[in-house]
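Q: Below are the structure tokens for one structure; questions will follow.
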Amino acid sequence: MKLLQVQNLKTTFHIDAGEVQAVRGISFHVNKGESIGIVGESGSGKSVSMLSLLKLLPGNAKLEADSIQFDGIELVQTDQKAMRKMLGKDIGMIFQDPMTSLNPLFTIGEQIIEPLRIHQKLSKAEAQKRAIEILRMVEIPSPESRLKQYPHEFSGGMRQRVMIAIALSCSPKLLIADEPTTALDVTIQAQILDLMRDLKNKLDVSIVMITHDLGVIANMCNRIVVMYGGTIVEQGTTREIFYEPKHPYTWGLLRSIPQFTEGEKKKLISIPGSPPDLLRPPAGCAFTSRCPYAMKICEKLPPQQISLSDTHQAACWLMHPKAQPHAKEVIS
């Protein structure tokens, strides 16, 4: 059953130079109890698309969508007051940088207790008891004393655990995690991912994880959405994206993951060129200027999503029946 259904989402930012088309008509869904990963390099529209759903955008932003349905509620016409009641209660979010996302002027306890009192109407004593339970759940030792401490007294990994605790404090149905491991070292990254996986199973919460690293979500997500230039270029199950990728950009992302093969050294291959200028997005495929397999039609017309299976779709002219013969060899 679908918890979140997004159809044709577009987000633009009005600046002095014109309109930045950050998200250019994306459609995807999240099932109940499912984890999906949204992958792409910086500027591809991953974070903006999620902030658009929550209407956490600056004043110069414009949001359009055919439909954004969350648990049967249409969000496109929902006002800010109704959204505030939903955020934190039904939808939790872990923001990108744990070092700056916590308020340095308030104790950890105050920051966990506040949403509990607002959304669940708990008394101060009840909220404090619940806060201790949540800190214990995210494996922070001595939670009773930790409640009285300030963010600067916590390490980066511990702050990320606190961010997870705040996001999960009101038992939301959907958790959005924006680059939850970026600022952490590899060992702590693994611990945070293990923690999120365990909490997902315990709390039966759906997760949307935003990242630029396919390796991070390989064992975390059921499905993967690949974004580039404000569009979705490919989406499918984790197995389909890793073992049967069809878009050249997905191939580039996969080649940039370190491969550890015994007795064999493999060089990492970077994707040449730069992302498109979304102030003046290309008329055709956004990846054309960086794609070694680009054809003339790629410059002129944007490719349509082609269904490869019930779960796997990709937008690439290489898969068109009339594509030149060498294209068939490339994608097979």
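Every number in this text was worked out from the coordinates using simple rules, so none of it is lab data. Computed from a predicted model, the values in this text were never measured in an experiment. With ideal geometry, Cβ positions are generated from the backbone for all residues, glycine too; neighbour counts draw on all protein chains shown.
Q: Between K62 and H14, what length comes free when the chain is fully extended (0.36 nm per residue of separation minus the Cα-Cα distance, one decimal in nm)?
A: That works out to 16.5 nm of additional length.
Q: Further, regarding this structure: So what is the calculated 222 nm ellipticity per residue for the chain, using -39500 (n - 2.57) for each DSSP H run with n of 4 or more, over all residues, to the nearest 500 deg cm²/dmol?
A: Taking each H run of at least 4 residues, the total per residue is -9000 deg cm²/dmol.
Q: Right, next: Sticking to Cα atoms, compute the Rg of the stretch 126-277 to one decimal and its Dmax as the biggest Cα-Cα distance, whole number, in Å.
A: When restricted to Cα atoms, the stretch 126-277 yields Rg and Dmax of 18.4, 58 Å.
Q: Where Rh denotes the Kirkwood radius from the mean inverse Cα pair distance, what is Rg over Rh for the stretch 100-171?
A: Using Cα coordinates only, the ratio equals 0.92.
Q: Using a 7 Å offset from Cα along Cα-Cβ at Q305, what residues in the stretch 9-45 end up with backbone N under 17 Å from the label point?
A: 9-11, 23-32, 36-40, 45
Q: Same structure, new question: On a straight-distance basis, which aspartates and glutamates could pair with K129 in a cross-link, Cα separation under 20 angstrom, same-chain partners fewer than 8 positions away excluded?
A: Here the aspartates and glutamates satisfying the reach criterion relative to K129 are E110, E114, E139, E144.
Q: To make sure I understand the rule: partners must be aspartates and glutamates, Cα under 17 Å from the Cα of K81, and not fewer than 8 residues away in the same chain. Which ones qualify?
A: The qualifying aspartates and glutamates are D90.
Q: Here's another thing I want to ask about it. Could you count how many Lys pairs in the stretch 173-308 have their Cα atoms under 30 Å apart, skipping same-chain pairs fewer than 8 positions apart?
A: Taking the stretch 173-308 as the scope, the lysine pair count is 8.
Q: Report the relative contact order of the stretch 100-171, percent, no decimals, based on alpha-carbon pairs under 8 angstrom and at least 6 residues apart.
A: After rounding, I find 46 percent.
Q: Quickly rank 23-36, 227-240, 140-153 as a protection proxy: mean count of other C-beta atoms within 10 Å, highest first.
A: The peptides rank, most packed first, as 227-240, 23-36, 140-153.
Q: How high is the relative contact order of the stretch 49-134? Use alpha-carbon pairs under 8 Å, at least six apart in sequence, and give a whole percent.
A: 18 percent
Q: Students often forget the sequence filter, so: which aspartates and glutamates lie under 12 Å Cα-Cα from K32 once same-chain residues fewer than 8 apart are removed?
A: List returned: D71, D204.
Q: What FRET efficiency do you get for S145 and M1 if R0 is 41 Å and r is their Cβ-Cβ distance, rounded to the nearest 0.05?
A: The value I calculate is 0.45.
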